[in-house]
1. Any chance you could count the Lys pairs in segment 114-234 whose alpha carbons are under 23 Å apart, treating pairs 8 or more apart or on different chains as valid?
2. Mind jotting down the three principal axis lengths of segment 114-234 based on Cα atoms? Whole angstrom, largest first.
3. How much of Met1 can a 1.4 Å solvent probe reach, expressed as accessible area in Å² and rounded to 10?
4. Cα centroids of segment 199-234 and segment 56-130: how far apart, whole angstrom?
5. Using +1 at the C-beta of Lys and Arg and -1 at the C-beta of Asp and Glu, which of Val200, Ser130, Leu216 has the Cα lying farthest in the positive direction of the dipole of segment 114-234?
6. Do you know the relative contact order of segment 114-234, to the nearest whole percent, from alpha carbon pairs under 8 angstrom that are 6+ apart?
7. Asp184 to Leu196: extension gain in nm, 0.36 nm per residue of separation minus the Cα-Cα distance?
8. Along the Cα-to-Cβ line of Lys208, 7 Å from the Cα, sits a label point; which residues in segment 105-148 have backbone N less than 14 Å from it?
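The values are calculated or read from the model by the stated rules, or taken from the named source; none is laboratory data. Values in this document were obtained by computation on a predicted structure and should not be read as measured data. Here the Cβ positions follow ideal geometry from the backbone for every residue, glycine too, while neighbour counts run over all protein chains shown. Areas reflect the complete protein model, heavy atoms only, side chains present, ligands, DNA and RNA absent. Shrake-Rupley method; radii C 1.70, N 1.55, O 1.52, S 1.80 Å.
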Amino acid sequence: MRNVIILGSGCAGNTAAIYTARAGLKPLVVIGHEPGGQLSITTDVENFPGFPEGIMGPDLVANMQKQAERFGAEYIYGGVQEADLSKRPFRVNIDGEWQESRTLIIATGASARWLGLPNEQKLIGHGVSSCATCDGAFYREQKVMVIGGGDSAMEEATFLTRFASEVTLVHRREEFRASKIMLDRARANPKIKFLLNTVVDDVSDISKNLVTGVKLRNLVTGEAWEQEVAGFFLAIGHIPNTKPFVGQIDLDPDGYIVSKGGARTNITGVFHAGDVQDRTYRQAITAAGAGCMAAIEAERFLEAEGH
Ligand code: NAP
């Protein structure tokens, strides 16, 4: 029987681990299917306080884990398959093995969203990707395309110019969700071409098992054409990882956990932290802050219960 099980090893989960471990609660951290969370697939983090020169995302999360382990946090590989939160102790099934805990911190984050194109899933790993950091280096001196109008799209497009000969950024509107600094940086990059008011109809070529081009359509003129590219990168946001909690934890229509104040969910003793609940800020630092809040609430809950 554990005092605390933390689901997820991104900024939120790791920070909750540092705090609960330092409080002597010996947390178990379930690493999840994306170890280190979204920071592990990003490059330079320039806005995390305390790093005036910036820090690489994977280094930041690795440091956090090291810090939590120094205080006695235990990390295990695997992901949560199902959960029984109907009574205490709570039970979670980690890749077939049930674990019990007095409290639970859900920090399972959010995963990449896909467009749902007919050929998209079939060409993942063959030119279709949701992670420029992971796959960018495969496209040296080739043409690639990035879809999206947020910070991730700007970041990925800019990153890809290190390798690609040309990056086309396709966005469905004229206005951007991206912050000015990220947008300006992308606009100033001579390798990035912008296609606005444009949507993707499909990606080719399934017969070659390889991306060779993308079918595009301009929403204003109705013009449709195919553009030749070797790499097709999605940067269109994320979906919260809450599947195992459906029907138990209150979720909003998009699947995000509904907060009941602080880090509390609708179930006493189950707390949320990070992008699994936060659809507004979604920053490394806010996820870390949320992990801290969840840890403090779990600690107070256990104390009040006499543990
Ligand atoms: P986001 O801000 O939600 O942007 C998603 C983009 O994808 C939007 O432009 C959206 O278009 C587009 N999109 C969504 N569904 C689409 C569809 N079906 N077809 C075509 N386009 C679609 O997501 P994000 O860029 O991943 O950023 C998430 C959070 O992380 C943000 O808070 C961001 O600031 C943060 N972030 C920060 C940094 C940094 O500061 N270094 C880097 C990356 C991310 P519409 O605009 O038309 O809705």
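1. Final tally of qualifying lysine pairs is 11.
2. Cα extents, longest axis first: 40, 34, 22 Å.
3. 130 Å²
4. Using only Cα atoms, the two centres lie 32 Å from each other.
5. It is Ser130, whose Cα lies furthest towards the positive end.
6. Details: 267 pairs, mean separation 37.8, N = 121.
Taking the mean separation of contacting Cα pairs over the length of segment 114-234, I get 31 percent.
7. Details: separation 12, 0.36 × 12 = 4.32 nm, distance 1.55 nm.
Additional length available on full extension: 2.8 nm.
8. Hits in segment 105-148 for Lys208 at 14 Å: 126-128, 142-144.
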